[in-house]
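The values are calculated or read from the model by the stated rules, or taken from the named source; none is laboratory data. For clarity, every value in this text was computed on a predicted model and none was experimentally measured. Counting neighbours? That spans all protein chains shown, and the Cβs are built from the backbone with ideal geometry, glycine included. When the accessible area is computed, the model is the full protein with side chains, heavy atoms only, and any ligands, DNA or RNA have been set aside. Shrake-Rupley method; radii C 1.70, N 1.55, O 1.52, S 1.80 Å.
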Amino acid sequence: MLKIPEWTYDEMKQTGVDYSSIEQVQRYDDMHQRFRDYEKNSDAIIKLLELDSNSTVIDMGAGTGAFALHAAKQCRKVYAVDVSSAMLEHCRKKGEGMGLSNVLYCHGGFLTYEHEAEPADAMVSIAALHHLPDFWKLVALTRAAGMLKAGGQFFLFDIVFPSATEDMEGRLDAWVRSIAERSGHELAAEAKIHIREEYSTYDWVMEGLLERAGFEIESAEYGDGFQATYVCTRR
Ligand SMILES: C[S@@+](CC[C@H](N)C(=O)[O-])C[C@H]1O[C@@H](n2cnc3c(N)ncnc32)[C@H](O)[C@@H]1O
């Protein structure tokens with residue numbers, strides 16, 4: 001049996017917002033759909049990555065299936081991977097309700113999921129990587145690259161902080177306030193937990209990590225509210 005070193009990071013342990021909580025899972029879609037259109041956003045990613053009915057995709061940190069379940073309508077196979085059994089079960093129920101038979105629900109994460117099938121055409125990961133400290137982000141991204149075929153694509157969306165730290169306090173306050181105004185106080189409370197307890201890193205660190213993990217960064221976009229979107233190709 002494979003011996004896991006005691007110093008290995010336990011990615012099953014929840015950090016920050018507790019996605020193992022049933023209550024959290026149940027209100028997740030309701031909260032997120034106040035500011036996201038799952039279908040529209042997923043279609044844009046599918047178009048950007050030029051995925052089609054021959055494509056296999058891994059959704060790392062799939063959650064309730066915001067991307068995975070829409071991608072499954074257009075792709076050959078989708079691997080929905082998540083460390084939270086509660087999120088994954090919710091995703092499975094939704095997928096079964098939609099009559100999808102090409103989604104594999106995999107309990108695991110960036111550090112533990114073993115992709116035993118053929119290398120995938122693409123990996124999509126939305127708002128999940130910040131759950132790992134930086135040292136483990138590189139391990140995670142290197143493993144992610146290993147799950148993709150050469151030339152395979154990686155779409156990464158996450159909260160990433162800018163290098164320019166001038167008035168960072170004011171910018172963080174403004175971010176939390178704008179979330180409260182747009183999406184309500186529950187989500188603003190999660191943003192505070194995010195800053196305080198989760199592991200969002202700096203833009204220059206993230207770019208360095210992606211390159212060192214074996215990705216070519218095709219585009220890096222930094223939007224309002226510390227949102228970063230990277231489209232990468234596995235070298
Ligand atoms: C903010 S939710 C995003 C879910 C989904 N991607 C979406 O777009 O709605 C973060 C998800 O990442 C998962 N997660 C946390 N740590 C992870 C890890 N190490 N590997 C994979 N997923 C992880 C959580 O369980 C949770 O479902």
Note on the stretch 100-137: residues among the polar types (S, T, N, Q) and either touching a helix residue (DSSP H, G or I) at 6+ places or on another chain (Cβ under 7 Å) or within 13 Å of the ligand (Cβ to nearest atom) (or both) are Thr112, Ser125
From Leu172, Leu141, which residue is modelled with pLDDT of 95 or more and farther than 20 Å from Val231 by Cα? Leu172
Restricting the first residue to the stretch 23-40 and requiring it to be within 18 Å of Ala180 (Cα to Cα) and among the basic types (Lys, Arg), which pairs with a second residue that is open to solvent by less than 90 Å² (accessible area, probe 1.4 Å) and within 12 Å of the ligand (Cβ to nearest atom) meet a Cβ separation below 9 Å and a spacing of at least six or different chains? Arg34/Leu187; Arg36/Ala66
Filter the stretch 1-26 down to residues that are open to solvent by 100 Å² or more (accessible area, probe 1.4 Å) and assigned to a loop (DSSP other than H, G, I, E, B) and give me whichever is farthest from Ala127 (Cα to Cα). Met1
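So that you can scan it fast, the table gives a plain yes or no per residue for (1) buried (at least 17 other Cβ atoms within 10 Å of the Cβ); (2) of a type in the set (S, T, N, Q); (3) in a strand (DSSP E or B):
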residue: Ala150; (1), (2), (3): no, no, yes
residue: Thr165; (1), (2), (3): no, yes, no
residue: Arg177; (1), (2), (3): no, no, no
residue: Ala189; (1), (2), (3): no, no, no
Could you check the stretch 17-50 and list, in sequence order, the residues that are more than 9 Å from the ligand (Cβ to nearest atom), touching an Asp or Glu at 6+ places or on another chain (Cβ under 7 Å) and of a type outside the set (S, T, N, Q)? Met31
If I ask for residues that are in a strand (DSSP E or B) and within 27 Å of Trp175 (Cβ to Cβ), which ones from the stretch 124-148 would you list? Val124, Ser125, Ile126
Please give the number of the condition Gly61 fails out of (1) on the phi > 0 side of the Ramachandran plot; (2) more than 11 Å from the ligand (Cβ to nearest atom); (3) in contact (Cβ under 8 Å) with a residue 40 or more places away in the chain. (2)
Would you check if there is a residue in the stretch 185-199 being away from the ligand (no atom under 16 Å from the Cβ), in contact (Cβ under 8 Å) with a residue 40 or more places away in the chain, farther than 24 Å from Gln74 by Cα and within 18 Å of the chain's Cα centre (by Cα)? no
Check every one of the strands (runs of 3 or more DSSP E) wholly within the stretch 48-123 and list those with 2 or more residues that are open to solvent by less than 10 Å² (accessible area, probe 1.4 Å). 56-60, 77-82
Starting from the stretch 106-131, keep only residues that are among the polar types (S, T, N, Q), then list their pairs with residues that are open to solvent by 10 Å² or more (accessible area, probe 1.4 Å) whose Cβ atoms are within a distance under 6 Å, requiring at least 6 positions of separation or different chains. Ser125/Gly61
